[in-house]
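The block underneath contains the structure these notes are about, expressed in C-alpha cells.
What follows draws every value from the coordinates through simple rules; no lab data is involved. Worth saying up front: this structure is predicted, and the values here are computed from it rather than measured. Here Cβ is always computed from backbone atoms with ideal geometry, including for glycine, and neighbour counts include all displayed protein chains.
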Amino acid sequence: MALTVTLLLSALLLLQGVLTQSGSEYTVSLSVQNTINNLPTLTYTTTIPYRAILLGAMRKINKADPQNFSFDIREDSNYGPFLVSVNGVAGCNTDHTYWQLLKTDGTALDVGVGCYIPDPNETVIFNFTTY
Ligand code: B12
C-alpha cells in the first residue's frame, strides 16, 4: 500500500515537472528607452519557452513585427552577442554611447542578450545611454 502511494506521488510530481518545464510558454516584454535622442519609450511583448534566452525573445518580436522592432548584434569571441543597435540607433565608441540592459528596478544585467534568461512576465529595458 505504502509503495503504491509512493509510486503515485512520484508519478504526479514527475507530471507536474514536465508540465511546468516544457508545457506552456510565458510572457516577456522589452522596453526600448532613448532619452538621449528624446524618443518615446516603446514596449514589445512576446512569449518564450521555459528558460529561453533574451535574444530568442528579441528574434521572435523582430520576426513578428520587423517594421517596428529591429536590432543588430556583433559577436564577441569571449562574451557572445553584443547589442550594437536597436531600431536603427547604434551605440558609438566616439560618442561613448551604448545600449544598456536593465531590469525593471534599474539593476544592470550582468550578462549579455545571448546569456540572459528572463523570468516569466519580466520586462527587460534597453536603455540608450553613455559610459
Ligand atoms: C569596458 C566594458 C564595457 C564597455 C565597452 C565599450 C568600450 N569601448 O569600452 C560598455 C560600457 C559598452 C560595456 C557594456 C556592457 N557590458 Co561590459 N565590460 C567592460 C569591461 C569593464 C572591460 C572590457 C575591456 O575593455 N576589455 C579590454 C579590451 C582590450 O578587450 P576587448 O575584448 O576588446 O573588450 C571588448 C569586449 O569586452 C566588449 N564588451 C564589453 N562588455 C561586453 C558585454 C557583452 C555581453 C559583450 C558581448 C561584449 C562586451 O567591449 C570591449 C571593447 O570593445 C568588462 C569587464 C572587464 N574588466 O573585462 C565588462 C564586461 C565584459 N561587460 C559585461 C556586461 C554584462 C556588459 C553589459 C551587458 C552591461 C549591461 N547590463 O548593459 C553591456 C553590454 C550591453 C550590450 N549592448 O550588449 C560583463 C560581461 C559578462 C558576460 N559573461 O556577459 C563584463 C565581464 C563585466 C561584468 N559585469 O562582469 N562594457
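The Kirkwood radius of region 24-130, taken over pairs of alpha-carbon atoms, gives through the Stokes-Einstein law at 37 °C and 0.692 mPa s a diffusion coefficient of 234 µm² s⁻¹.
Take the Cα of Ser31, step 7 Å toward its Cβ, do the same at Asn68, and the gap between the two points is 1.8 nm. Cβ crowding within 10 Å, taken as a proxy for footprinting-reagent exposure, orders Lys103, Lys60 from fewest neighbours to most as Lys103, Lys60.
Of the residues Tyr131, Tyr79, the one with the fewest other Cβ atoms within 10 Å heads the list, and the complete ranking is Tyr131, Tyr79.
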